[in-house]
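Okay, structure first, notes after.
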Amino acid sequence: MSKNQIVIFDTTLRDGEQSPGCSMNLEEKLRMAQQLAHLKVDVIEAGFPIASPGDFDAVQAIAKEVKGPVICGLARANKKDIERCAHAIEPAKKKRIHTFISSSDIHLKYQLKKSREEVLEHAKAAVKQAKKWTDDVEFSAMDATRSDWDYLRQMFQVAIDHGATTLNIPDTVGYTIPSEFYELVSYLNAQLKGLKGVNLSVHCHNDLGLAVANSLAAIEAGATQVECTVNGIGERAGNCSLEEIVMALHVRQDQLNRQTKIKKDQIYPASKLLSSITGISVQPNKAIVGENAFAHESGIHQDGVLKNKLTYEIMTPATVGISKNKIVMGKHSGRHAFREKLKELGYPLTGDDFQTVFEEFILLADVKKEVYDEDIIALVDTRIHEEQRFELEAIQVSSGNFAVPAATVSVLDNGELKKAAAFGDGPVDAAFQAIKEITGFNGVLKKFVVNAITGGTDAQGGVFVTIEDQGRVVRATGSHTDIVVASAQAFIAAINRIAFYNRSDDRPEKLI
Ligand code: KIV
Ligand code: ZN
């Protein structure tokens with residue numbers, strides 16, 4: 001690795017997944033991990049295997065199936081966590097155990113209830129234990145930025161001396177500021193012995209909106225790895241955003257003189273994929289990937305950009321994978337072009353999956369003049385990886401300011417046609433009541449989000465639902481030019497997931 005190369009450690013699937021509303025199921029994590037591999041991140045932190053059987057399975061599936069990046073799992077500094085982590089990442093060609101323990105007096109006193117000496121012993125034992133499973137061991141001193149610097153140095157020295165190959169300095173509570181963090185990283189860089197061949201890493205939270213600035217300051221002080229997440233998701237206010245740090249390094253190479261291996265044109269598809277999986281869109285003014293990141297509104301700016309883009313644009317949308325001409329496909333596009341487009345968007349579908357999505361696309365292209373990348377992503381999301389026990393056949397609703405909203409819905413249940421009619425508080429509620437009656441779904445609708453996926457009055461509506469049934473939470477999306485149809489699709493897709501998971505668990509059939 002070149003001296004000026006920054007290792008991009010992506011923790012979207014671990015720290016990112018800890019953000020409210022961002023939890024993902026195994027299939028969603030796998031899909032996101034494949035996109036992270038297309039993006040060419042160096043390390044994927046795939047999860048925290050001891051946290052739950054689901055986390056373990058997801059880390060193991062990613063370790064088995066995702067090629068390219070190092071696959072990393074998180075473990076507290078104890079034998080049980082480390083062993084569980086080691087088993088989960090075992091199938092990966094390149095694997096890392098990331099073990100951590102707190103270093104601040106506040107955490108030692110109130111959380112760990114241990115002395116500094118005891119904690120040093122735990123750190124030492126954890127690194128030694130992890131080294132038995134893999135050579136690639138990362139050690140983090142949690143709450144590093146609120147720790148006594150000399151104690152932090154001692155802790156990292158112990159970690160190096162026992163074989164840690166990456167030392168991570170987390171700003172766990174997003175407390176530090178760039179000048180202070182620069183000093184801390186410089187201090188550790190100067191004081192630690194045996195750092196040659198060891199990565200100095202930073203992991204910044206965004207509580208004061210400084211995660212990217214702090215990470216850049218750390219890089220200037222000699223950090224060689226940055227931990228970050230797509231769209232900056234993560235605990236509380238989130239983590240350092242991958243797209244922002246990567247593009248800052250790229251655009252300001254003149255000052256920073258560092259490179260990453262990131263395939264920048266995969267940044268926007270990664271951001272979109274994550275939003276479509278979690279149902280959480282980035283704010284319009286979000287740097288790099290927000291709706292307005294490249295929109296010039298003021299007359300002076302528009303005038304300048306028309307004369308020469310350099311007047312007001314420091315990077316092009318195309319660099320980060322936003323197609324200049326967003327109109328990508330129409331009803332005359334053939335199978336070949338569609339297959340290529342899917343590949344470009346990070347969905348190399350084959351067989352029946354491809355056929356189904358292609359047919360959906362042709363139907364959509366018939367009712368919608370212009371089909372955008374986002375439309376296609378929405379179609380794929382609705383269709384793939386679902387075992388469709390229930391299929392929406394037809395839906396009709398009546399509503400209005402003087403009518404009681406009513407819906408008549410027909411659904412195929414494993415091919416058998418079933419119908420129901422219901423009233424509701426609105427057309428969507430009425431449709432959901434009818435669907436519940438048909439499917440026997442008895443759980444709770446926990447979240448219902450509607451987005452206009454694309455602009456214009458012929459925009460597709462994207463609907464995102466989260467439902468819960470007997471402790472199992474699933475999410476699904478639907479998209480259609482008619483918002484009630486999109487809602488019904490999303491609801492049925494989620495019920496299909498519940499049915500699928502129940503069946504694969506060999507649990508008693510709860511639906512019907
Ligand atoms: O924020 C933090 O301190 C963490 C550690 C586990 C690295 O996420
Ligand atoms: Zn964190």
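The values are calculated or read from the model by the stated rules, or taken from the named source; none is laboratory data. The structure displayed is predicted, hence computed values, not measured ones. Please note: Cβ atoms are built from the backbone with ideal geometry, for glycine as well, and neighbour counts cover all protein chains shown. Note: areas computed on protein heavy atoms with side chains; ligands, DNA, RNA excluded. Shrake-Rupley method; radii C 1.70, N 1.55, O 1.52, S 1.80 Å.
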I'd like the antiparallel share, as a percent to the nearest 5, of DSSP beta bridges with both residues in the chain.
50
Quick check: from the Cα gyration tensor, does the stretch 1-118 come out rounded (a/c under 1.5), prolate or oblate?
prolate
Which residues in the stretch 456-495 place their backbone N less than 11 Å from a point set 7 Å from the Cα of residue 388 along the Cα-to-Cβ direction?
493
Would you mind pulling out the separation of the Cα centroids of the stretch 385-432 and the stretch 256-282, in Å?
36
Per residue, how many Å² of accessible area does the stretch 7-278 show with a 1.4 Å probe?
37
Extension gain, residue 259 back to residue 482 (0.36 nm per residue minus Cα-Cα distance, nm):
75.7 nm
Dipole magnitude of the chain about its Cα centre, charges +1 at Lys/Arg Cβ and -1 at Asp/Glu Cβ only, in debye to the nearest 20?
1220
Label model pair residue 423, residue 308: point-to-point distance (7 angstrom along the Cα→beta-carbon line) in nm is 6.9
Using a probe radius of 1.4 Å on heavy atoms only, what accessible surface per residue do you get for the stretch 384-450? Whole Å² is fine.
56
Mean Cβ neighbour count within 10 Å, used as a protection proxy, ranking 223-235, 406-418, 240-252, 49-61 highest first:
223-235, 240-252, 49-61, 406-418
Per Stokes-Einstein, at 25 °C and 0.890 mPa s, what whole-number D in µm² s⁻¹ belongs to the stretch 193-264, with the Kirkwood radius over Cα pairs as the hydrodynamic radius?
196
Heavy-atom accessible surface of the chain: percent carbon and sulfur, 1.4 Å
52
Taking a ≥ b ≥ c as the square roots of the eigenvalues of the Cα gyration tensor of the stretch 240-335, is the shape rounded (a/c under 1.5), prolate (a/b larger than b/c) or oblate?
oblate
Hull shadow area, averaged, the chain [alpha-carbon convex hull, nm²]
26.7
What FRET efficiency do you get for residue 301 and residue 237 if R0 is 35 Å and r is their Cβ-Cβ distance, rounded to the nearest 0.05?
0.75
Leading residue at positive end of dipole, the stretch 390-503 (Cβ point charges), from 473, 430, 402:
473
For an R0 of 35 angstrom, estimate the FRET efficiency from the Cβ-Cβ distance between residue 446 and residue 177 and round to the nearest 0.05.
0.40
Using a 10 Å cut-off on Cβ atoms, rank the peptides 357-363, 138-144, 311-317 from the highest mean neighbour count down.
138-144, 357-363, 311-317
